[in-house]
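The values are calculated or read from the model by the stated rules, or taken from the named source; none is laboratory data. Bear in mind that the values here come from a model prediction, so they are computed numbers and not experimental data. Neighbour counts run over all protein chains shown; Cβ positions are idealised from the backbone, glycine included. Note: accessible area is taken over every heavy atom of the protein model, side chains too, but ligands, DNA and RNA are not part of it. Shrake-Rupley method; radii C 1.70, N 1.55, O 1.52, S 1.80 Å.
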Amino acid sequence: MIRVENLYHQIKGKTILDNISLEVEKGKLTSIIGPNGAGKTTLIHLMAGGAPYQRGNIYLKDELLSKYSIPELSRTRALLAQQNSLSFPIAVYDIIELGRQPFSRLESPEKSKEAIERSVALWGIEDFIHRDYLSLSGGEKQRVQFARVWTQLYGEDLKEKVLFLDEPLTYLDISHQLDFMDEIQKLTQQGVTVVAIFHQLELALKYSDQIVLMDQGKKVYSGSTKDLPPHFFEDVFRVSAHWYREGLDNHIGFKKLSKQPS
Amino acid sequence: MNKLIYIYSFLALAMVFSILLAISFGASEYSVSDLYFSFSKLFKGEELTMEEKILLFIRVPRVFFAVLVGGILAMGGTLLQALFRNPIVEPGMIGTTNGAAAGAALFFVLGQFWLNTFGEFALPIMAFLGGLGTTFLVLALSTTEKFQKTNVLYLLLIGIAINAVCLSLIGLMSYWARDPQARSITFWSLGTLSGATWQNLTWVAIVGISGLFGSLMLSKKLDTLMLGEQEAHYLGVRVQKLRIQVILINVFTVSFVTAFTGVIGFVGLIVPHLLRILYKSDHRYLLIGSFLLGGTLICLSDLACRYFIAPAEIPLSVITSLIGVPIFIFLLRKNNYRF
């Protein structure tokens, strides 16, 4: 679905992405993990066409990303950013409605309304649909943003769509985190390609089809979750990882490495 | 949706009522039937009395001028607040109005030179160029090259600095000026609608209404901008293009109006706030609403200017600040806006 080739990007003279190549498979959840400052957010924004990249190539559906117009891209992918700030009071419903903006000239108002209603029901926000966004709790705000982004993707051709998520679990409690991961899994089952940045390694490893591990602007590993060699955790995160079985599920636990005397 | 119809009707009725009020009262008083008879006499080509001439060629154009000016300034405030995603921006803060005032001061002092250059429209042309020039200066200085992105804090601070330069220039011109010119500068820096004629009214109406329709076409995009520039981009909006369109509409309409009226403060600031409280931050509504409410406010303010010390006049900005500042402070404290 997305192919990144030799991507290289600098911001203010500092190399943020250094020769990144990777492939995102269609209809799969690809998680990007790595310590703070690894370049994950920059990578996801460049892949989503949020800013022009400097060197290398990014292909979306075998077409150069730069060939797509801004409105075209908005009908193919959606991105949920890390921080969302609003300067004015605005009702939850209106925010979700803005998610359908890319299609406003292409579809009937009924169709847009259907997308919005489905999304509202899916993310369970009926109860505060008419409230002011600024008065919501962090978790509620995050759910509203999910609903907005999902409204943007909604359609019959889900198999052609890509969802980018930058640390989507940040404001959610553990029960909503698990709910959210289940929803993501359902989306990929319907054919949506999902690329997400996670700091919750356990959840990322448990749910993802593919892992991209990054450190200091470089890609350290990309491939299936179960092939990820444990020593990468030690190299990149300075933690030791061990798998254990509980019932039918595999789990992973982490322990901080003690500092070695130098 | 129903609520919106009520709000529009209320705003429109308030506007009609204030127009009638403003036509009736002032240095001389008229009734609605005076208005009717004067107009019918005019159309029949009969001789008009002095009183009727004042009504038809001074009072009526002035009142409609007030409505348009208020509408345009409030619309300018709405546009800038949407663009910079900041509730305390208005055309005055990015140098548009004071730049226009500085241009006008140059005209008052060096009038003959400019009259030779630009002819009878020298004052509006000078003011227009002043407003245009300072606004682009402020925007250029507050835009970081790398991302073509305007830093709002920079914008406000540079706006303050450039405004200070404009005010010094106006001060210098007043210092050099002889008495009647100095009085013109002072009056103009504080805003006045006494220059209203049917001809000016036509010009301002053309510019203002095309500005309104132009910005209405951008209203959905301005809505997405509320989520952030990045989000708007991901929702398919060409943000850079939108930014240029909004600034052009704003600078042209506001400089143009200021060129005829002088500096009128606070309308652009408070009207969008009041409308957000009344209903919500939908830009189609905010733009239409600000045109109606801004027009009503300036129409009534101008009535106050003409009424209280008639036949003399109070400068318009004195009234708008007296009304605007308390409302602004109250709204800021009540709303917990983020900057």
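Hey, among A:GLU23, A:GLU63, which residue is free of Cβ contacts under 8 Å to residues at least 12 places away in the same chain, surrounded by fewer than 17 Cβ atoms within 10 Å (Cβ to Cβ) and of a type outside the set (A, V, I, L, M)? Give the steps one after another, and end with the answer.
Details: A:GLU23 fails: free of Cβ contacts under 8 Å to residues at least 12 places away in the same chain.
After ruling out the rest, the residue left standing is A:GLU63.
Looking at A:LEU106, A:LEU98, A:LEU29 in this structure, which one is aliphatic (A, V, I, L, M) and under 18 Å from the mean Cα position of the chain (by Cα)? Steps first, please.
Working: A:LEU106 fails: under 18 Å from the mean Cα position of the chain (by Cα); A:LEU98 fails: under 18 Å from the mean Cα position of the chain (by Cα).
It is A:LEU29.
For the subset of region B:275-287 comprising residues that are at pLDDT below 90 and not in a loop (DSSP other than H, G, I, E, B), which member is least open to solvent (accessible area, probe 1.4 Å)?
Looking at the filtered set, the residue picked out is B:ARG276.
Residues in region A:167-184 that are closer than 20 Å to A:GLU25 by Cβ and under 9 Å from the mean Cα position of the chain (by Cα): how many? Step through it out loud before you land on a result.
Filtering region A:167-184 down to residues closer than 20 Å to A:GLU25 by Cβ leaves A:168, A:181, A:183-184.
With the extra rule that they be under 9 Å from the mean Cα position of the chain (by Cα), the set shrinks to A:168.
Qualifying residue count, region A:167-184: 1.
Going by what's in this entry, would B:ILE323 be described as surrounded by fewer than 20 Cβ atoms within 10 Å (Cβ to Cβ), on the phi < 0 side of the Ramachandran plot, touching a residue at least 12 places away in the same chain (Cβ under 8 Å) and more than 14 Å from chain A (Cβ to nearest Cβ)? Step through it out loud before you land on a result.
Details: surrounded by fewer than 20 Cβ atoms within 10 Å (Cβ to Cβ): yes; on the phi < 0 side of the Ramachandran plot: yes; touching a residue at least 12 places away in the same chain (Cβ under 8 Å): yes; more than 14 Å from chain A (Cβ to nearest Cβ): yes.
Criteria met by B:ILE323.
One residue is enough: does region B:245-259 have a residue meeting the conditions within 14 Å of chain A (Cβ to nearest Cβ) and assigned to a helix (DSSP H, G or I)?
no
Give region B:242-273 a look and list any residue that's open to solvent by 20 Å² or more (accessible area, probe 1.4 Å) and modelled with pLDDT of 90 or more, or say none.
B:GLN245, B:ILE249
Quick one: in region B:1-38, of everything that is small (Gly, Ala, Ser) and in a loop (DSSP other than H, G, I, E, B), which residue is nearest to B:HIS283 (Cα to Cα)? If you could, list the steps in order and put the result at the bottom.
Step one: of region B:1-38, the residues small (Gly, Ala, Ser) are B:9, B:12, B:14, B:18, B:22, B:24, B:26-28, B:31, B:33, B:38.
From what's left, in a loop (DSSP other than H, G, I, E, B): B:26-28, B:31.
On the way: B:GLY26: 36, B:ALA27: 39, B:SER28: 40, B:SER31: 38 Å.
The selected residue is B:GLY26.
Quick one: in region A:128-165, of everything that is in a strand (DSSP E or B) and buried (at least 21 other Cβ atoms within 10 Å of the Cβ), which residue is nearest to the other protein chains (Cβ to nearest Cβ)?
Filtering region A:128-165 down to residues in a strand (DSSP E or B) leaves A:132, A:162-165.
Next, only the ones that are buried (at least 21 other Cβ atoms within 10 Å of the Cβ) stay: A:162-165.
On the way: A:VAL162: 12, A:LEU163: 11, A:PHE164: 9, A:LEU165: 12 Å.
Filtering first and then ranking leaves A:PHE164.
Would you point out the residue of region B:106-139, among those that are modelled with pLDDT of 85 or more and open to solvent by 70 Å² or more (accessible area, probe 1.4 Å), that is nearest to the chain's Cα centre (by Cα)?
B:LEU129
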